[in-house]
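What follows is a single structure, written as structure tokens, with notes after it.
The values are calculated or read from the model by the stated rules, or taken from the named source; none is laboratory data. Quantities reported herein were computed from a predicted structural model and do not represent experimental measurements. Backbone-built Cβ (ideal geometry, glycine too); neighbour counts: all protein chains shown. Ligands, DNA and RNA are stripped out before the accessible areas are found, and what is left, the full protein with its side chains, is counted by its heavy atoms. Shrake-Rupley method; radii C 1.70, N 1.55, O 1.52, S 1.80 Å.
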Amino acid sequence: MHNIILPVNGMKCSKCVARVTQIIEGFSAVEGVAVSLSDAVADISFSSAEQPIPQIIKDLEEAGFNCDAQEKSLADGSVPATEDSVQVPLGNITEILRFPVSGMHCASCVATVEKRVRQVSGVESVAVNLATNSAQVVFAPAMVTADQIYEAVDNAGFKAVRDSDSLVAEGPQEKHLVLLAAGCAVPIMGLMYFPVFGSATMTIIGLLASVAQFTAGLSFYGSAYKSLRSGGANMDVLVALGITAAYGYSVLAYLGALGPGATVFFETSAMLILFIRFGKWLEARAKGRASAALKNLLQLQPATAVQVVDGVERQVDVDTLQPGDLVVVRPGEKIPVDGKVISGESAVDESMITGESVPVHKEVGAKVIGATVNHGGQLTVQATSVGEQAVLAQIVRMVEHAQGDKPPIQRLADRISGVFVPVVIVLSLLTFAGWLLAGKDFLFAFQMAVAVVVVACPCALGLATPTAIMVGSSVGLELGILFKRASVLEQISKLDVLLLDKTGTVTNGHFKCEEIIPVAGVSADDWFGLAASLESASSHPLALGIVAEAQRLHLQLVSPDQVVESGGHGLSGSVNGVPVLCGNLTLLEKHAISVNTDSLPVLPEASSTIFVAVSGQLQGIVCLADEIKQDAAGFVAHLRKLGILPVVVSGDRKSSVARVAKLLSIDQTEAEVLPEHKQNVVKRYQRAGYHVGMVGDGINDAPALAQADIGIAIGGGTDVAKETGDLVIVGDNLTDIARAILLGRKTLTKIKQNLFWAFFYNLLGIPLAAGLFYPWFGLYLKPEFAGLAMAFSSVSVVSNSLLLRLSKVKLQNLS
């Protein structure tokens, strides 16, 4: 599977997105495509190495779009003319490369890898994640290859893992090193107090310390050497200095090179290695728990399926299925692919995707999602999406991208970690010199200097943000809340205004005809069928409501001709050669159809109204009603508790919007707003100084979602990858938005706590290890205990992040 990120400028609405998607999907080599209006890019997956990029660009430009990364859409949002399109250099096409990186131990390692990869010509951006031991690189494949990026990582002293399956798990590897170190250090401690071998005891202790030094401690030297060779200095440089100083001094003292009676402390180096290895093992286990949700999700997809070919059932690998294939899903089995039900009826548990525990009823025509569980009757499903285009794969890619991203709050830690190790070495030398000048003996000053080197570690700084992001996004994943970028978890906590699209967001979006009102002297039988025929060409909720009523009345509908849809106003066209128009008063005025508003009947306050004209004459009015969602009132109450101002935004008339707002106790409304003008509403609130969120269906509200500080697409369902916005609520539960805001706040709190403790640990640990408290309180740290403290600083940060998981139950109980 090959992924290419292609810039596509000139898109200004959901129809543009649909058109771009259609053009790209028309190529047989394309496995799938996700088009983002907000980012102005198309993420294209190819099924093979064949990538017909030039032809795709040509077709897009012929359709009026622009694929030049340097070209911007015109200020008024119009699409650049085809003849003015710029020929696209292939260097503008970017690809995302994600791969594991082994050998990283701290924030300095992260900084070194990022610096080296960023220096490679053709690399646009790079984000390295210590919590997942992975790198995410955006690069121009025409300028640099993946192998060159891997080579840059290798040259930095680390290992870019080409095949993720070959990456050795940290936990088991560290466990073996811990046991090896313990096998040496524990006997040493026993022999220090019980010299059962007499004069040979110290020799045995020295041999055991040597074994620990050059087995469990050997990797520290390798990592430190590679780091220094690449021009950086990571945590292992500090560890190597510490254990070398303690071990080297003890060897010299044992050999008599430092004079008679010199102290030998082999136990210090051995215990240092044991404690640091033990800390790394605990850290690896904690990191594994933090990423467990995503790993579990990957394992949900069944490996096999029962395919039906010419009425014959056969078991096949899921990977061999193609769109259009039929599969049988029996009760208790997992649905193997995304698709639609061809026959059967059942209840399906979709909790692993949407977070909703109540099974969803499925019947013929209903969409189903791969990896969900069939609880009721037998279903026959026709595959619509397989492989990388399945919902499960889309979600995994989205979460991986979010976990690989870096929020702004990480920048301070990154800057500090870049100079951390050299500063610590300088502090260690100053400590050594200071105590010598203060009149202390060499050994005391030396041990203090070693303790400073060992106690300081940028690990906690490097893990503070990514572990919290990882756990926060994983909790969201389990609740059906998908954060597209790590920064969203930080930014969503700052919201103070939330704009709510009315239809389909706070209301059900399923309109029912409340009343059909003909004008005086006209029968509804003469025109309602024509109106329903015209509306059958639209997927707008109001149009669907009219068509549903016509079907209920058993009216015969015909396909309309020359249909023109005016966004936010209505439809015009012809049915059996008769001109028909369905829309609001603005559309009628646009077509010079006079309406005497004084003669119109009193319309129901709660209704959305459609005026119908035939052959240039107003024939009647269709009134439709939309019910408010059951959880809408509770959701608005939660927003108020969170200190967020809710505002209803809709294209409906003011009376209809005002009624919905009144029922929900919302004071502010924005009515009669056309889809293309919702973006301006967002801008107006932003200019007033508010941090604005916008909630919509992810397609019709795409420009507004893209403009908002946080765009929230609700009801992503089976098309999460194509949703515009920063946050996707997979289900249709408004309360999930409140959960997402709370989760964002809790995650940001954890990040701040982690960073505080990481800084505080070093602010306290380094002076304590340097002996600054010794003259007054007699407090200091022996080097081995400094190593233990250093190890547990990282463990404490990861463990604190894991406490975020406790919030899942509280968020689930939010109602």
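Taking 0.36 nm per residue of separation and subtracting the Cα-Cα distance, what length does fully extending residue 255 through residue 300 add?
Values: separation 45, 0.36 × 45 = 16.20 nm, distance 6.10 nm.
Full extension from residue 255 to residue 300 adds 10.1 nm.
A straight line joining the Cα centroids of the stretch 757-815 and the stretch 210-248 runs 23 Å. Here the label points at residue 415 and residue 662, each 7 Å from Cα along the C-beta direction, are separated by 5.4 nm in the simple model. For the cross-link pairs 502/678; 362/484; 334/367; 484/629, the ones whose C-alpha atoms lie over 22 Å apart are 362/484; 484/629. Computed from the C-beta positions of residue 316 and residue 364, the FRET efficiency with R₀ = 22 Å rounds to 0.40.
What accessible area per residue comes out for the chain, rounded to a whole number of Å², with a 1.4 Å probe? Can you show the working numbers first?
On the way: 34630 Å² over 815 residues.
Heavy-atom accessible area per residue stands at 42 Å².
Against the chain, whose longest principal axis comes from its Cα atoms, helix 14-25 is set at around 70 degrees. Inter-label distance, residue 438 to residue 510: 7.6 nm, where each label sits 7 Å from its Cα along the C-beta direction. For the chain, the longest principal axis of the Cα atoms and the long axis of helix 201-213 meet at an angle of about 30 degrees. Please identify which residues in the stretch 244-265 have an amide N closer than 11 Å to a label point set 7 Å out from the Cα of residue 201, following the Cα→Cβ vector. Backbone N within reach: none found.
Restricting to Cα atoms and excluding each atom paired with itself, what does the Kirkwood estimate give for the chain in Å?
Numbers: mean 1/r = 0.0330 Å⁻¹.
Hydrodynamic radius (Kirkwood, Cα only) of the chain equals 30.3 Å.
Summed over all non-identical Cα pairs, the Kirkwood treatment of the stretch 99-230 gives a radius of 17.1 Å.
Using a probe radius of 1.4 angstrom, the carbon and sulfur fraction of the accessible surface of the chain is 56%. Helix 410-437 and the long axis of the chain differ in direction by around 10°, with both axes built from C-alpha atoms.
May I ask you to work out the translational diffusion coefficient for the stretch 650-804 at 4 °C, viscosity 1.567 mPa s, via Stokes-Einstein with Rh from the Kirkwood sum over Cα pairs, reported in whole µm²/s? Show your work: numbers first, answer last.
Details: Rh = 19.7 Å.
Answer, rounded: 66 µm²/s.
Run the Debye formula on the Cα coordinates of the stretch 415-497, all scatterers equal and no solvent, and tell me log10 I(q)/I(0) at q = 0.10, 0.15 1/Å. Values, matching the q order: -0.48, -0.68.
Any idea what the alpha-carbon Rg over 2.2 N^0.38 Å comes to for the stretch 439-593? Let's see the in-between values first.
Numbers: Rg = 32.2 Å, N = 155, 2.2 N^0.38 = 15.0 Å.
Working it through for the stretch 439-593, the quotient is 2.15.
What are the lysines whose alpha-carbon lies under 18 Å from the alpha-carbon of residue 752, with same-chain residues fewer than 8 places away excluded? Hits, sequence-local ones excluded: 406, 494. Computed from the alpha carbon atoms alone, the convex hull of the stretch 556-673 holds 134 Å³ per residue.
Among the chymotrypsin sites (Phe, Trp or Tyr not before Pro) in the stretch 96-202, those located in a DSSP loop and surrounded by at most 16 other Cβ atoms within 10 Å of their own Cβ are 197.
With θ taken as phi - 60° and the Karplus curve 6.51 cos²θ - 1.76 cosθ + 1.60 applied, the whole-hertz 3J(HN,Hα) list for the stretch 138-144 is 9, 9, 8, x, 6, 10, 8 Hz, x standing for glycine and proline.
If each Cα of the stretch 513-582 is one equal point scatterer, what is log10 of I(q)/I(0) from the Debye formula at q = 0.11, 0.21, 0.23 Å⁻¹? Here log10 of I(q) over I(0) equals -0.24, -0.88, -1.05. Scanning the chain for GluC sites (Glu not before Pro) that sit in a DSSP loop and have at most 12 other Cβ atoms within 10 Å, the longest stretch containing none of them is 51-362. What does the C-alpha gyration tensor say about the overall shape of the stretch 363-409? Classify as rounded when a/c is under 1.5, otherwise prolate if a/b is larger than b/c, or oblate. In terms of gyration-tensor shape, prolate. Ordered by solvent-accessible area of protein heavy atoms (1.4 Å probe), largest first, the residues 774, 690 come out as 690, 774. For the stretch 781-793, putting each phi into the Karplus relation 6.51 cos²θ - 1.76 cosθ + 1.60 with θ = phi - 60° gives couplings of 10, 5, x, 5, 6, 5, x, 5, 4, 4, 4, 6, 5 Hz, in residue order, rounded to whole numbers and with x for Gly and Pro.
Ignoring lysines fewer than eight residues from residue 175 along the same chain, the ones with Cα atoms less than 29 angstrom from its Cα are 159, 226, 280, 287, 295, 750, 782. Label-to-label distance, residue 749 versus residue 63, with points set 7 angstrom from Cα along the beta-carbon direction: 4.6 nm.
Averaging 1/r over every pair of different alpha carbons in the stretch 738-815 and inverting the result gives a Kirkwood radius of 14.7 Å. Along the Cα-to-C-beta direction of residue 345, a point sits 7 Å from the Cα; which residues of the stretch 522-566 have their amide N less than 20 Å from that point? Taking a point 7 Å out along Cα→Cβ of residue 345, the residues of the stretch 522-566 whose backbone N falls under 20 Å are 552.
Given only helices, namely DSSP H runs of n ≥ 4 each adding -39500 (n - 2.57), what is the per-residue ellipticity at 222 nm of the chain, to the nearest 500 deg cm²/dmol?
Values: 27 runs with 359 residues, N = 815.
The helix contribution divided over the chain gives -14000 deg cm²/dmol.
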